[in-house]
1. May I ask you to give the percent of accessible area on segment 54-113 that is carbon plus sulfur, with a probe radius of 1.4 Å?
2. Jot down the radius of gyration and Dmax of segment 212-343, Cα atoms only, both in angstrom.
3. Compute the acute angle (0 to 90°) between the alpha-carbon long axis of helix 337-347 and the principal axis of greatest extent of the alpha-carbon atoms of the chain; round to the nearest 10°.
4. HN-Hα J couplings of segment 201-218 from phi, Karplus 6.51/-1.76/1.60, θ = phi - 60°, integer Hz, Gly and Pro as x?
5. Between segment 90-159 and segment 311-367, what is the C-alpha centre distance in whole Å?
6. Counting only residues 5 or more places away or on other chains, whose amide H sits under 5 Å from the amide H of residue 303 once H atoms are built in the peptide plane?
7. As I understand it, the value is the acute angle between the Cα axis of helix 390-405 and the longest principal axis of the Cα atoms of the chain; what does it come to in degrees, rounded to 10?
8. Enumerate the lysines that residue 110 could reach by cross-link, defined here as Cα to Cα under 25 Å, with residues fewer than 8 away along the same chain left out.
Amino acid sequence: MGNLGQDPMERASVLQPVDRTNMPDEISVTSLWMQNAPMPPPSPQPLPSRADVLVVGAGYTGLSAARETAAAGRSTLVLEAGAVGAGCSSRNGGQIAYSIKPSFNSLKAKFGADVAFRICREGFDAVAYLRSLAKQHADCAWREDGCFYGAHTARHFTAMARDAQNQPRGLEQRISVVPRAEQHGEIASDFYHGGCVYPDDASVDPARLLLSLLRQALEVGASVVDHCPVSAIKPTRDGFEALTPRGVVQARQVLLATNGYSGPLSPWHRRRVIPIGSYQIATEPLGADRVRSLIPHGRNIVDSRRVVVYFRPSADGERIIFGGRAALAEKDPLACVPRLRRMMARIFPELKSVRVSHAWVGWVAYTFDTLPHLGQHDGIYYCMGYCGQGVPLAPYFGRRIGQQMLGLEEGRTALDGLPFPSRPYYHGEPWFLAPSIFAYRVADAIGL
Ligand SMILES: Cc1cc2nc3c(=O)[nH]c(=O)nc-3n(C[C@H](O)[C@H](O)[C@H](O)COP(=O)(O)OP(=O)(O)OC[C@H]3O[C@@H](n4cnc5c(N)ncnc54)[C@H](O)[C@@H]3O)c2cc1C
């Protein structure tokens with residue numbers, strides 16, 4: 001275990017000078033979601049000196065795990081370096097889809113058909129869990145409007161249509177293929193070469209989901225202390241001690257729920273997750289009718305480019321929220337506004353001159369095998385690596401790791417015991433991303 005230092009979150013707060021040419025707008029760098037779901041004020045309570053369970057990180061993963069352990073009667077303390085949800089969980093796109101990235105066939109080649117099938121099933125279970133959570137407990141603007149997956153090239157469309165016809169048995173999703181000639185029924189744009197509709201995909205207001213998970217954890221007795229970074233974790237005779245600026249906490253069990261913000265606190269985890277910036281903008285209110293004229297069914301839109309682009313109507317249907325990998329590691333979201341605007345205007349030329357009111361960035365956690373990982377290392381539990389798909393995966397696997405900490409059978413998952421790979425010379429600074437993203441951008445640009 002090491003000390004907190006140059007982690008992505010700290011780096012994110014160091015503002016770079018921004019060229020504001022062609023960017024006359026007053027743009028808020030708070031996510032639109034946070035504006036509509038303000039977080040509770042910082043917690044002034046004294047830091048408890050002891051807990052059964054210490055959770056590091058108050059995002060979907062940490063709060064879901066804390067809810068499980070606190071509900072089972074374990075004294076549970078969540079420590080968060082920033083405000084609650086300071087990481088991705090207050091600032092994502094709120095899009096919900098089946099989210100296991102590797103295909104069944106690639107998992108089968110690696111782990112055999114049975115494990116591959118069970119890993120893929122976890123992706124469906126995660127969506128089902130979030131659906132039931134949202135419907136029963138969470139006031140989070142859950143909507144089942146589906147997703148349109150736009151084909152960036154004709155070749156992509158052919159591959160999508162073929163894959164839709166050849167889904168592995170037991171892992172089928174409802175998919176309808178939309179040829180280019182009919183795509184205006186889905187999106188008022190000629191940008192795509194057709195696409196596929198996933199009618200069962202859903203969306204939420206991510207900050208309201210976060211608030212709901214926070215409320216649920218507090219209701220069953222968890223303590224959540226924000227603005228309290230854990231700088232080191234050391235083993236003791238009967239557990240661990242965590243060092244913070246507000247004092248030392250003794251805990252029998254510790255969970256790292258730090259995902260894309262996993263800094264030098266644990267070099268072992270830092271060598272296994274790759275923090276990648278994801279950037280979003282919100283347009284000014286356009287009016288629900290105008291938004292409906294652009295995205296008639298109010299669906300999420302994702303496209304098949306390697307350097308991903310995704311957008312959707314805001315929860316109130318009045319704006320477009322547009323996101324993508326506009327940069328590699330830019331910390332200032334304002335610097336990415338011109339690029340995101342250009343990307344949006346290529347899809348919807350009529351939005352070329354609309355005002356952007358909000359821009360924000362967060363750090364998602366990729367893994368080398370593009371699978372999430374959970375388990376224990378050196379006695380410390382961890383759960384992370386959702387590869388930009390944590391809205392369904394983080395609450396679900398957060399719950400599972402909480403159950404594992406309680407020793408419960410139902411906490412077991414198909415991912416348990418899988419190796420959590422790293423790469424030689426990788427220590428948390430993803431030097432290899434720039435050439436790969438450049439190659440991806442070239443491939444996208446020439447339509448491969
Ligand atoms: C712009 C953007 C759009 C996205 N869109 C989508 C989407 O549409 N659909 C989807 O499925 N996923 C999306 N994601 C990804 C999704 O938001 C994340 O996968 C998910 O929120 C991860 O939750 P988490 O709790 O594991 O991590 P986070 O919410 O990132 O929480 C980790 C927390 O750990 C804290 N922390 C780190 N180190 C310490 C320390 N030493 N001490 C104390 N606290 C610490 C951090 O401050 C942070 O709050 C998006 C992400 C971004 C940034």
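The values are calculated or read from the model by the stated rules, or taken from the named source; none is laboratory data. Quantities reported herein were computed from a predicted structural model and do not represent experimental measurements. So basically every Cβ, Gly included, is an ideal-geometry build from the backbone, and we count neighbours across all protein chains shown. Each accessible area value is taken on the protein alone, full model and side chains, heavy atoms only, with ligands, DNA and RNA left out. Shrake-Rupley method; radii C 1.70, N 1.55, O 1.52, S 1.80 Å.
1. Details: 890 of 1740 Å².
Within segment 54-113, the accessible surface is 51 percent carbon and sulfur.
2. 20.6, 63
3. 40 degrees
4. Each residue's phi maps through the Karplus curve to give 5, 9, 8, 9, 8, x, 6, 5, 5, 4, 4, 5, 5, 4, 4, 5, 5, 5 Hz.
5. Value for the Cα centre distance between the two parts: 22 Å.
6. 150, 309
7. 20 degrees
8. Excluding near neighbours in sequence, the set is 101.
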